[in-house]
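Structure record follows, encoded as structure tokens.
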Amino acid sequence: MSQHVVGGISELFLVNESGDIDLLTDAAFIVENGIFTWIGKEVELPAEKTKDLQQKAVIPGFVDSHTHLIFASDRVQEFEARMAGTRYEAGGIMSTVTATRAASDEELLAAYQKRVAELLRNGITTFETKSGYGLNIQDELRSLKIAATLTDEVTVLAAHVVPSEYKENRSEYVRLVIEEILPKAREYARWVDVFCDEGAFTIEETRDILEAATHLGYKKRLHANQLKAGEGVKLGIEMGCISIDHCSHLSDDDISLLTDSGVIATLLPIAEFSTRSAFPNARQLIDSGVNVALSTDCNPGSSYSTSMSLVIAFAVREMGMTPREALKAATFMGARALQRSDVGVIGIGKRADFLVLDAPSHAHIPYRPGVDLIAEVFKAGQLVLDKGM
Ligand SMILES: [Zn+2]
């Protein structure tokens, strides 16, 4: 049996089963066989310390419930053009599709592994990722197969945009997704997602795809209300989605539906930052009782970052969240957006995925934007990254 007894923790970030946050100071914990077995004040520690953090804060490993990591090339020219005044549109996705289709399996896998290493450096210990840059049977399936090599949380997003070869025949592409791609993708993916927005898929198309996903036993999530207000949130809730992602343009009705359903609104502020768009009003959502998660949305078009710390900084500075609400949204709520109860929280019986910060409290994350404060990363009680801070 492996046992680690960790003390000298200036602040331990805890969230209980009902979602209440508790900051335990002068804390300690014990990890046995990768699981937290004791958590409390250091003075009450029942065993000899094996590690002293010398007054550093400990938080759960981040849970990134929304990324797009399987792609080739980048879109830096599009970013430069956008910063010079060109508006962001969903259609830019096709340039990544062209590059991804042209890449070999080895190239795609190597690029994915590099991005996952970057996630880990940024403290993300659990992540979801998607297809969506293949947009035909062969390239969607190989993207999912590659995705599944490094995470259990794989999503088929064949309905990302209608590929250009089906531009004049959208219904044929929707049929391909429903009848061919979704049934075959079940081998690798447990989630289905649809980009339901202007320039992507309509409400009717989204409904048909989500219905097919339900029949095939998938869990569902949705990209909706990113580019404009519409019926996406309403449809997602009606169809039993676990999380509605983006939620940048919401009506009062949408907010009431999210509150009443408990469906998670996953906010992705780097997408707003990188497209120079208005940030969603997280304060209003939380005050209305909506469950809010935060995620990087790492993708080459609208949000090419793996920094959950930066996400938290934006959520606090631009979206009205407190530092503790933002950290809970990036850990505990991210796990809920993936229907995971084993990660995203420091608690007895949970997997010991945690981060040691080079700072005395979690609030230093948004207080010191752009500064890497993640000193050590642990997964299942094992040190997987030590930056020597
Ligand atoms: Zn996305």
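The values are calculated or read from the model by the stated rules, or taken from the named source; none is laboratory data. Everything numeric in this text was worked out from a predicted model, so none of it was measured. Note that each Cβ is placed from the backbone with ideal geometry, even for glycine, and that neighbours are counted across all protein chains shown.
Results, tabulated for the structure shown:
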{"item": "Count of the stretch 306-323 residues which are more than 14 Å from the chain's Cα centre (by Cα) and not in a helix (DSSP H, G or I)", "result": "3"}
{"item": "Pairs where the first residue, in the stretch 186-203, is within 15 Å of the ligand (Cβ to nearest atom) and the second is of a type in the set (Asp, Glu) and part of a loop (DSSP other than H, G, I, E, B), C-beta under 7 Å, 6+ apart", "result": "GLY199/GLU89"}
{"item": "When residues of the stretch 232-271 are limited to those that are polar (S, T, N, Q) and part of a strand (DSSP E or B), the one farthest from the ligand (Cβ to nearest atom)", "result": "SER243"}
{"item": "Members of the stretch 123-175 that are surrounded by fewer than 23 Cβ atoms within 10 Å (Cβ to Cβ) and polar (S, T, N, Q)", "result": "ASN136, GLN138, THR149, THR151, SER164, ASN169, SER171"}
{"item": "Residues within the stretch 4-28 that are farther than 30 Å from GLY262 by Cβ and of a type outside the set (Asp, Glu), tallied", "result": "10"}
{"item": "Flag if GLU17 is within 22 Å of LYS379 (Cα to Cα) and not in a strand (DSSP E or B)", "result": "yes"}
{"item": "Pair list, Cβ < 7 Å and 6+ apart or interchain, from the stretch 244-273 residues that are free of Cβ contacts under 8 Å to residues at least 60 places away in the same chain to residues that are part of a strand (DSSP E or B) and away from the ligand (no atom under 16 Å from the Cβ)", "result": "ALA265/VAL292"}
{"item": "Residue among VAL76, VAL58, VAL31, VAL43 that alone is of a type outside the set (Asp, Glu), more than 16 Å from the ligand (Cβ to nearest atom), more than 30 Å from HIS160 (Cβ to Cβ) and under 25 Å from the mean Cα position of the chain (by Cα)", "result": "VAL58"}
{"item": "Scan of the stretch 56-104 for residues that are surrounded by fewer than 13 Cβ atoms within 10 Å (Cβ to Cβ) and either outside the structural domain of ASP297 (by TED's automatic domain parsing) or part of a helix (DSSP H, G or I) (or both), ordered by number", "result": "VAL76, GLN77, GLU80, MET83, ALA102"}
